[in-house]
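> Below is a structure I'd like to ask you about.
Bear in mind that the values in this text are calculations on the coordinates, not laboratory data. As the structure is a prediction and not an experimental result, all values here were calculated from the model. Heads up, the Cβs are rebuilt from the backbone with ideal geometry, glycines too, and the neighbour counts pull from every protein chain shown.
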Amino acid sequence: MSDAKKYTLGALADRLDAKLIGDENCLIDGLATLKQGGPGKLCFLSNPAYASQLPECRASAVILEEKFSASCPVNKLVSASPYVSFAKASQLFDNSPVADPGVHASASIHESTQLPENCSIGANSVIAAGVTIGAGTIVGAGCVVGEGCTLGADCRLQGNVTLYHGVRLGNRVIIHSGAVIGADGFGFAFDGSKSVKINQLGTVDVGDDVEIGAGTTIDRGAIDDTVIEQGVKIDNQVQIGHNCRIGAHTVVCGCTAIAGSAVIGSYCVLGGASGVVGHIQIVDRVRVGAMSLVSQSIFEPGDYASGTGIMKTTQWRRNAVRFSKLDDMARRVKRLENKEE
Amino acid sequence: MSDAKKYTLGALADRLDAKLIGDENCLIDGLATLKQGGPGKLCFLSNPAYASQLPECRASAVILEEKFSASCPVNKLVSASPYVSFAKASQLFDNSPVADPGVHASASIHESTQLPENCSIGANSVIAAGVTIGAGTIVGAGCVVGEGCTLGADCRLQGNVTLYHGVRLGNRVIIHSGAVIGADGFGFAFDGSKSVKINQLGTVDVGDDVEIGAGTTIDRGAIDDTVIEQGVKIDNQVQIGHNCRIGAHTVVCGCTAIAGSAVIGSYCVLGGASGVVGHIQIVDRVRVGAMSLVSQSIFEPGDYASGTGIMKTTQWRRNAVRFSKLDDMARRVKRLENKEE
Amino acid sequence: MSDAKKYTLGALADRLDAKLIGDENCLIDGLATLKQGGPGKLCFLSNPAYASQLPECRASAVILEEKFSASCPVNKLVSASPYVSFAKASQLFDNSPVADPGVHASASIHESTQLPENCSIGANSVIAAGVTIGAGTIVGAGCVVGEGCTLGADCRLQGNVTLYHGVRLGNRVIIHSGAVIGADGFGFAFDGSKSVKINQLGTVDVGDDVEIGAGTTIDRGAIDDTVIEQGVKIDNQVQIGHNCRIGAHTVVCGCTAIAGSAVIGSYCVLGGASGVVGHIQIVDRVRVGAMSLVSQSIFEPGDYASGTGIMKTTQWRRNAVRFSKLDDMARRVKRLENKEE
């Protein structure tokens, strides 16, 4: 980890698009939660649910909206978007290790691959033939980059990432450990007695500023490519099937499963462990609840969900039994209504 | 990637079990979708939903059933099973890189392991003691193959696959990156204050022609072995617990979770993100819907599902609240019916 | 694999906290199920459902409760907790390979990292700068251990495990292949047009005797740390978001998804493929059913579930349609009741 970074509140106000009310020379050496923050720490208040913690705050400064300013006992960085200002602060105080420049002696680079001067290739990583890597890109230890991949500038592959042949990454793409991009889509033709493999001839095209979480898998297309548009953020252990298209700036939370050829719009949010069946379409700005299954196309923006709430198992079991005869119950209610008329 | 392959339609008709209606000398250099196909491309029509695209097709040829032949404006490859013929075509046009033969200098092979002449061991892979590898088998970069594993002929492990000790693979087994075969089954005995580990003494036995997706995990058995029978196809991020048996030619879609000691028949299809609880049995030819939970044994072939449909969250919330009192509603309906008599 | 181990029944009675009824010199060379066991094998009976197999048992001995002793035709090891005794037996008969001591020549160890004499570092693994490793710890082949990590004594990382920088493991922690500990938590602030990354400045703190399954991911905290308390057992492909706290001795079954900042008590059991939404609290000794979603805090110990049962798809579809109008049905039942009064 790098040495702790320090900034004056005056400098931070500039960098975070915030107005300082307080001591511009006060030195900040890190971030903290409202509850834990002490001297030298910068906190933030974004969710009003935590506003009650503000009067007791003992940090050196708080990022907050104007309306909370009066109840803040310490230095204030007033921001129109405290959460965005906090995000920028988290980047300033980043403590992750800086990658060693150059190619580690133990990395295996195919002789046909030419690397830019200012990239970093980690120990025991493997770069196959015909790979193109942009300036400033970091490939972590133990990565496997397949034949003919194209990585843009300033990308970061963490340790043990796997890219199959021909995968294309834009600029500033981050891929976390254990992710696998470009494995074969799941395609078979059943011939009456066995499954005949459909070789997957497309690849995966990942746009600029995409982040892909640990253990996430994105399959290559069968004929055309699987496409992840710019600015998409994908959490851990997400599965994206062949020939999907994920629209720009969509957010896919952890453990979501998206079946093949689904086309998802821009600025959507797929909740954790949600699912999308294959060959359907979801328009822009749809939000899907946690563990909900999108079983058909969605043509209208808004919030969607499926499933049932959590309850005591004894109560749940009784209700679930009734669910299995719900159609019958509906018919009986209808019959009662008809009788009454 | 390899150079583009080319075949005449006459040659393709032979290889794809199809009858050519058209120019046998027409040269095909790749596959395309009906919509995208242009000169030199071969398309297919399997799903009747796409038949309307046929008259506009500008590809050089289309694989299709006899009944669609009349409405096809270009060369036709008439097949009884267009999807199977297309699968075979996809294999002919495969563009994936050919693995370098031999053992990469950076691979670490235990001195007790003897390799056949015509296998390929990728860069930075690790082969432990006492491993047996069949002819024509390819182990990708960064793989770890544990002590005493047996790999059959013509298998392919993609990059960063892990096999624990003693795992057995049949012939022509494909395993995608990030998959882990033979990790400890999840077994603990609770002694009143803590979980006591049950060491897992079995292994995993994988039959011929099995394909295992990226990030999939298959645990070793507790005492006996976990068994994946021949021809089983497993998608990405599937979890198969210890001592499961998956019957021949069953298809397991992505993100499915199968708990320990479940016994699943042959020719089943487990939909994406479905679940199977432990210690149950599913007969042959059962199809389970996406994100459905098989909570008890299934003794009759057919289609099964659980869960609810997707809907607007506002509507869902009202219905979910009612579900939590469904047993009460059922009793009230019964009371109304009794009163009426 | 190691050579088969052998113990006399007399020795086993001591080691398993059991009372021997039978031949103390009888030699046991392995474990077996009641059904499969033959000469030289030791079986166990814990689940009464298998008691009917006891009279036919042909193994050399059975671990069982006193009450089943009379119907056992062979040597008996009578235990108050047969399952715990069996767990101990499984450890005695462990057949997994012993790791080679020392640092493999192909491993890449940063010069600033000093290793204890009796650790084992596998082939092609990478240990970054400033890492501390305890005595007896084994790091498998292909692992990547990030800058400044601390591993306690007698830990075991299987092949291809990834630890990001600064992760702390207690003693006797087991981590299976493909697991990723300390990847960035999924945090972004939406600025109206794009997601701004919140750098994740915390880390992951894993207590003593924790086991983490294959392909499991545990994210580092945003500001504070993600905490896994002692004795927690986590199965394969579990996702634990940033800033979660999992209480001591809790058991998390395979494919469970836990969103950020969830606080889970001690001695809980989260069933397979279950989910927990973010920022909620679950008290001690809560058990959640398979594929259930904990959508709100749980303040009372006990068993909880959500979802519906499995049924034929034709029947399910009719019921699911009715579910989508359940609120309406409830109102109509209420109206019928009102009318009747």
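> Taking only DSSP H segments of four or more residues, each worth -39500 (n - 2.57), what value at 222 nm results for chain B once the sum is divided by all its residues, to the nearest 500 deg cm²/dmol? Intermediate results must be reported in sequence, preceding the final value.
Working: 4 runs with 44 residues, N = 341.
Here the helix-only value at 222 nm equals -4000 deg cm²/dmol.
> Determine the shielding of peptide B:162-175 by partner chains: average, over its residues, the number of Cβ atoms on other chains within 10 angstrom of each Cβ.
Details: counts 12, 2, 8, 5, 4, 0, 0, 0, 0, 0, 0, 0, 2, 0.
The per-residue average across the peptide is 2.
> Evaluate Rg over Rh across region B:146-225, taking Cα atoms for both radii and Kirkwood's formula for Rh. Could you put the intermediate results ahead of the total?
Numbers: Rg = 14.0 Å, Rh = 13.2 Å.
Taking Rg over the Kirkwood Rh, I get 1.07.
> If each of B:LYS339 and A:ARG15 carries a label point 7 Å out from its Cα toward its Cβ, how far apart are those two points in nm?
Placing both labels 7 Å beyond Cα along the Cβ direction yields 7.1 nm.
> Another question, then. If each residue's Cβ is checked for other Cβ atoms within 10 Å, how do A:ARG322, A:ARG245 rank with the fewest at the top? All intermediate terms of the calculation are to be shown ahead of the outcome.
On the way: A:ARG322 22, A:ARG245 19.
Exposure proxy ranking, most exposed first: A:ARG245, A:ARG322.
> Right, here's the next one. Report, in whole Å, the centroid distance computed from the Cα atoms of region A:280-330 and region B:239-270.
25 Å
> Pop out the Kirkwood hydrodynamic radius of chain C from its pairwise C-alpha distances, inverse of mean 1/r, in Å to one decimal.
Details: mean 1/r = 0.0426 Å⁻¹.
Value: 23.5 Å, from the Cα pair sum.
> Here's another thing I want to ask about it. Build a GNM of chain C with springs between Cα atoms under 10 Å: which of C:ALA32, C:ALA248, C:ALA214 gets the top mean-square fluctuation?
Looking only at C:ALA32, C:ALA248, C:ALA214, the largest GNM fluctuation is found for C:ALA32.
> Another one. Given Cβ point charges of +1 (Lys, Arg) and -1 (Asp, Glu) and nothing else, what value in debye, to the nearest 20, does the dipole of the protein assembly as shown about its Cα centre take? List each step's numbers first, then the result.
Working: 90 positive and 102 negative charges, 765 e Å.
The calculated dipole for the protein assembly as shown is roughly 3680 debye.
> Also, quick follow-up: Quick one: label points 7 angstrom along Cα→Cβ at C:SER193, distances to the other copies in nm, smallest first?
With the label placed 7 Å along Cα→Cβ, C:SER193 yields 6.1, 6.1 nm.
> While we're here: Taking C:ALA105 in one copy and the same position in all the others, each labelled 7 Å out along Cα→Cβ, what are the pairwise distances from the first, in nm, shortest first?
With the label placed 7 Å along Cα→Cβ, C:ALA105 yields 1.4, 1.4 nm.
> What's the Kirkwood radius of region B:233-297 in Å, using all Cα pairs? Could the numbers behind the result be given before it?
Working: mean 1/r = 0.0912 Å⁻¹.
Evaluated over region B:233-297, this radius sits at 11.0 Å.
> Over 26 Å apart: what share of the alpha carbon pairs of region A:58-205 falls there, rounded to a whole percent?
On the way: 5074 of 10878 pairs.
Counting every Cα pair in region A:58-205, those more than 26 Å apart make up 47 percent.
> Which entries of A:LYS35/A:LYS88; C:LYS5/C:LYS76; A:LYS6/C:LYS194; B:LYS5/B:LYS41 have Cα-Cα distances beyond 18 Å here?
Values: A:LYS35/A:LYS88 21 Å; C:LYS5/C:LYS76 20 Å; A:LYS6/C:LYS194 28 Å; B:LYS5/B:LYS41 12 Å.
As for pairs spanning more than 18 Å Cα to Cα, those are A:LYS35/A:LYS88; C:LYS5/C:LYS76; A:LYS6/C:LYS194.
> What FRET efficiency would be calculated for the residue pair C:LYS6, B:HIS279, taking the C-beta separation as r and a Förster radius of 30 Å, to the nearest 0.05? Provide the component values of the computation, followed by the final result.
Working: r = 31 Å, r/R0 = 1.03.
Given R0 = 30 Å and the Cβ-Cβ separation, E is 0.45.
> When the chain is fully extended, how far beyond the present Cα-Cα distance does C:SER266 get from C:GLU65, taking 0.36 nm per residue of separation? Don't jump to the answer; show the numbers that get you there.
Values: separation 201, 0.36 × 201 = 72.36 nm, distance 2.85 nm.
Residue separation times 0.36 nm, minus the Cα-Cα distance, leaves 69.5 nm.
> Hey, fewest Cβ within 10 Å first, where do B:ARG335, A:ARG332 land in order?
B:ARG335, A:ARG332
> Compute the separation of the alpha-carbon centres of region B:149-211 and region A:92-160 and state it in Å as a whole number.
Distance between centres, Cα-based: 30 Å.
> What ranking of C:LEU92, B:LEU336, A:LEU16 emerges when the number of other C-beta atoms within 10 Å of each C-beta is taken as an exposure proxy, fewest first?
Details: C:LEU92 16, B:LEU336 19, A:LEU16 25.
Result, fewest neighbours first: C:LEU92, B:LEU336, A:LEU16.
> Normalised radius of gyration for region A:1-43, please: alpha carbon Rg relative to 2.2 N^0.38 Å, two decimal places.
On the way: Rg = 10.6 Å, N = 43, 2.2 N^0.38 = 9.2 Å.
Ratio of Cα Rg to 2.2 N^0.38 Å: 1.15.
> Can you compute log10 of I(q)/I(0) for the protein assembly as shown with the Debye formula, treating each Cα as one identical point scatterer, at q = 0.07, 0.08, 0.10 Å⁻¹?
-0.63, -0.83, -1.27
> Within the P(r) computed for region B:7-92, what percentage of the Cα pairs occupies the region above 16 Å?
40 percent
> Given a Förster radius of 60 Å and the C-beta distance between C:GLU111 and C:PHE188 as r, what FRET efficiency does 1/(1 + (r/R0)^6) yield to the nearest 0.05?
On the way: r = 37 Å, r/R0 = 0.62.
With a Förster radius of 60 Å, E is 0.95.
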